[in-house]
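Heads up: the structure comes next, in structure tokens.
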Amino acid sequence: MMYKHMIQFLDRPDLYQKTEAAFWDDEHISGEMLKAHLAPDFEGASRKLEFIQRSAAWIGEIMPPAKYPRILDVGCGPGLYTERFAKMGYGTTGMDLSRRSVQYARDSAASQGLDITYYCQNYLAMELEETFDAAVMIYCDYGVLPDHERRTLLRNLYNHLRPGGKVLLDVFSMESYRRFEELQTWETCPKGGFWKKEGYIALTGKYRCTDHVTLEQVTVIGERETKAYCLWNTYFTKEMLVREAGEAGFGVCGVLGDVAGSPCREDGPTIAILIEKQAG
């Protein structure tokens, strides 16, 4: 029975099969995620603080609040960008699926007297009674979605933008895919860790599943239960990203190396795209 039970969890799932366990809202894991978001020198849940500051400043230059007064941060986490946008003069809205991150963001904004609206909801079901002049989706969240959900997301963003409104998002490049190393590892955490407060064993498999999709599968074995978490990623060429934006009705304003305005390079780890809902 133990063998069959483990095979069930360790078998490679179908492409983009969703994790049954909602780790972003798990009481323990969401707390560990929040710590990772807020660590200024850790690049994991969010980018390092220095990059965030530089990126927010660049966004303020290409989409200045005087011309793009209302901005939406999709996948805002604990508000690292939204707070900076609000201080720059934007009317700012954030959206995230993690209740813990959104509550932290609301409390942080209130403590600073910042007028930021936060929604705890799935951006794939976005139906807000307002429109925006600009939107951002930062740290390659776009690539965690399968094809049909990316189309849904772009349609939702399009419908929530005013004519002339712009979207900035980033993805991992094919260079990052080439650097991706397949492996299988395990670790013991007798005093608990990222995945559980109690002791556990974590079995991790990293796999290339197609010529541009990878999977990190983490099986967490505790004393009372076993859970498997699937972390998918799609990698892009510039042409793939431009095509998807065009198919959603957007015009392309620019392709960059990252959301801080670096030039796009063949050997760069990320690609960023600035797209526009064209007037008329």
(message) Need the failing condition index for PHE51 against (1) part of a helix (DSSP H, G or I); (2) of a type in the set (Phe, Trp, Tyr); (3) open to solvent by 30 Å² or more (accessible area, probe 1.4 Å), just the number.
(response) (3)
(request) Among residues belonging to the range 60-71 that are assigned to a loop (DSSP other than H, G, I, E, B) and buried (at least 18 other Cβ atoms within 10 Å of the Cβ), point out the one that is nearest to the chain's Cα centre (by Cα). (result) MET63
(request) Answer yes if at least one residue in the range 265-277 is touching a strand residue (DSSP E or B) at 6+ places or on another chain (Cβ under 8 Å), over 21 Å from GLU43 (Cβ atoms) and open to solvent by 50 Å² or more (accessible area, probe 1.4 Å), and no otherwise. (result) yes
(message) at pLDDT 95 or above and among the small types (Gly, Ala, Ser): is that true of GLY251 in this structure?
(response) yes
(request) Considering only the range 171-253, give the strands (runs of 3 or more DSSP E) lying wholly within it that have at least 1 residues that are among the polar types (S, T, N, Q) and open to solvent by 40 Å² or more (accessible area, probe 1.4 Å). (result) 183-189
(message) Exactly one of these conditions fails for GLN17: (1) assigned to a helix (DSSP H, G or I); (2) out of contact with any helix residue (DSSP H, G or I) (no Cβ under 7 Å at 6 or more places or on another chain). Give me its number.
(response) (1)
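The values are calculated or read from the model by the stated rules, or taken from the named source; none is laboratory data. What you are looking at is a predicted structure, and each value in this text was computed from that prediction instead of being measured. All Cβ positions, even for glycine, are placed from backbone atoms using ideal geometry, and neighbour counts span all protein chains on display. We work out accessible area using only protein heavy atoms, side chains counted, and drop any ligands, DNA or RNA first. Shrake-Rupley method; radii C 1.70, N 1.55, O 1.52, S 1.80 Å.
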